[in-house]
Structure formats: structure tokens, C-alpha cells
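Here is the structure we will look at.
The values are calculated or read from the model by the stated rules, or taken from the named source; none is laboratory data. Keep in mind that this is a model prediction, so the values were computed, not measured. In this analysis, Cβ positions are derived from the backbone assuming ideal geometry, glycine residues included, and neighbour counts consider all displayed protein chains.
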Ligand SMILES: [Zn+2]
Ligand SMILES: [Zn+2]
């Protein structure tokens, strides 16, 4: 029983890692076409387990809730055309770091750039 749960949470983690950024809907489709069918309830249970353990995180990008594995600090770029989300390392954008804004202590950023990605630019 314990072994089975471990494997399922591994499958969920590995799938998110492979996909980079994913909504729960796309994650479920991916898992069901690449592994044996795992029930929705099981996937959601493992998602919250992995969140609790700090192995993955959930971000809100526009209207969507996106899951990704926990990596180094980064920002996001979302393509308005294909919807692809890219990780942007802080060294690529060289933003000033704030410790305080208008009297509020800053503990992090959840920044998203939007535009047309390099792949879509090539096609058009
Ligand atoms: Zn694109
Ligand atoms: Zn990311």
C-alpha cells in the first residue's frame, strides 16, 4: 500500500517535471495516456501531497493554475499565441531587487512577461 502510493506520487512528480509547466487537466491527460489509468482523486491527492512536501508549486498565471516542480528562483514568459510558458532566469532580465516597496516588505516576485515566443515568431 505504501509502496503503491510512493510510485503514484513519483509518476505525478515525473510527469510535471517532464511537462515543465502544466495545468491539472493537461497533467491528467498526460498521465492517463502514458501510464495506466490513475483516478482523478488519486492525482489530486498526490498533487496536494507534493505541494505540502514542497516538491512542486502551484502558480496562478492569468486565468490558469499551473503546476511546476520546485526549481531555482525564476520568472515566467507566456506566449500569447501558443500558450507555451518559458522559465526566465533572473540573470536574463536584470531587474533591480527591492526589499521594500511603499513600506511593504518584499519577500519574492511572481512575475510574468507576455508576448510572442521565439518559435511563433519564426513561423509567422
Ligand atoms: Zn509561441
Ligand atoms: Zn517555471
Can you find even one residue in region 88-108 that is within 16 Å of ligand 1 (Cβ to nearest atom), outside any helix (DSSP H, G or I) and not assigned by TED's automatic domain parsing to the domain that holds residue 8? yes
Using beta carbons and a limit of 6 Å, which pairs, at least six apart or on different chains, have the first residue in region 69-89 and closer than 14 Å to residue 22 by Cβ and the second one at pLDDT 95 or above and more than 9 Å from ligand 2 (Cβ to nearest atom)? 69/16; 69/17; 69/56; 84/117
Take residue 50 and decide whether it is in contact (Cβ under 8 Å) with a residue 24 or more places away in the chain, in the same structural domain as residue 23 (by TED's automatic domain parsing) and within 16 Å of ligand 1 (Cβ to nearest atom). no
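Residue by residue, here is whether (1) surrounded by 11 or more Cβ atoms within 10 Å (Cβ to Cβ); (2) on the phi < 0 side of the Ramachandran plot; (3) within 16 Å of ligand 2 (Cβ to nearest atom) holds:
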position: 41; (1), (2), (3): no, yes, no
position: 45; (1), (2), (3): yes, yes, no
position: 49; (1), (2), (3): yes, yes, no
position: 67; (1), (2), (3): yes, yes, yes
position: 76; (1), (2), (3): yes, yes, yes
position: 86; (1), (2), (3): yes, yes, yes
position: 89; (1), (2), (3): yes, yes, yes
position: 100; (1), (2), (3): no, yes, no
